[in-house]
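What follows is a set of notes on a single structure, which appears directly below.
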């Protein structure tokens, strides 16, 4: 799952440690989420989004095919049907 | 922010300290129960029963403290621990059964001891925990 945590932190001059303290997890967990090595639970995703005063969709993006995020991608028209 | 940090870190540190005390205490009572009959009380039945009873009670305490420590971890730390425990449990069951069969079939020249199984589980858990921690770095 992609996310904008690193960017949002940078905009607010916030360190991983400070974010970790705010949402009550370890700094390693924040680092793993940012690097997309670990997907947070829904309650943790809500805590992070609430901290940045954004919705979950503004912070996290599903990168699986066939989801709403990928549906918004540019549609390449297919060739003529046989 | 500072207060929150101190609270969370203090709780985690306290849980780790308690777990260390209880694990150390359990290991001591295990050693006492194992070596006491021969070296300390000359196989006195009542003292042996008492030592084993104390060891079991402290062991139950250790399990409860371990559960509290586990529940105090954050979700990623819990996942790393759970993965390590799953691998250690599997290694214990599969390795233990294979080891027991080797003994039963007289393939190995010595008796299969439960202590060896405990060591296998502990080492497997430790390695799996380290590998899991590195994976999420």
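The values are calculated or read from the model by the stated rules, or taken from the named source; none is laboratory data. The structure displayed is predicted, hence computed values, not measured ones. Glycine gets a Cβ as well: all are built from the backbone with ideal geometry, and neighbour counts include every protein chain shown.
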Just to be sure before I move on: is residue B:38 over 30 Å from residue B:132 (Cα atoms), out of contact with any strand residue (DSSP E or B) (no Cβ under 7 Å at 6 or more places or on another chain) and in the same structural domain as residue B:10 (by TED's automatic domain parsing) in the structure I sent?
yes
Counting only residues that are more than 12 Å from residue B:16 (Cβ to Cβ), more than 13 Å from the chain's Cα centre (by Cα) and away from chain A (no Cβ under 14 Å), how many does the range B:57-81 have?
1
With (1) part of a helix (DSSP H, G or I); (2) over 21 Å from residue B:113 (Cα atoms) as the list, and residue B:41 as the residue in question, which single condition is left unmet?
(1)
Any residue that is farther than 27 Å from residue A:19 by Cβ, more than 14 Å from chain A (Cβ to nearest Cβ) and part of a helix (DSSP H, G or I) - is there at least one of those in the range B:4-18?
yes
Exactly one of (1) surrounded by fewer than 13 Cβ atoms within 10 Å (Cβ to Cβ); (2) in a helix (DSSP H, G or I); (3) more than 14 Å from chain A (Cβ to nearest Cβ) is unmet by residue B:111. Its number?
(2)
Number of the exception - residue B:106 against (1) free of Cβ contacts under 8 Å to residues at least 40 places away in the same chain; (2) more than 21 Å from the chain's Cα centre (by Cα); (3) part of a helix (DSSP H, G or I)
(3)
Go through (1) over 30 Å from residue A:20 (Cβ atoms); (2) free of Cβ contacts under 8 Å to residues at least 24 places away in the same chain; (3) surrounded by 16 or more Cβ atoms within 10 Å (Cβ to Cβ) and name the single condition residue B:121 misses.
(2)
Just checking, how many residues over the range A:1-60 are within 25 Å of residue B:72 (Cα to Cα), assigned to a helix (DSSP H, G or I) and in contact with a strand residue (DSSP E or B) (Cβ under 8 Å, 6 or more places away or on another chain)?
4
Subset tally (residues that are surrounded by 18 or more Cβ atoms within 10 Å (Cβ to Cβ) and more than 13 Å from chain B (Cβ to nearest Cβ)) for the range A:17-51
1
Being touching a helix residue (DSSP H, G or I) at 6+ places or on another chain (Cβ under 6 Å), within 30 Å of residue A:42 (Cβ to Cβ) and modelled with pLDDT under 95 is true for just one of B:83, B:74. Which residue is that?
B:74
What about residue B:136, is it touching a residue at least 40 places away in the same chain (Cβ under 8 Å), within 23 Å of residue B:12 (Cβ to Cβ) and under 13 Å from the mean Cα position of the chain (by Cα)?
no
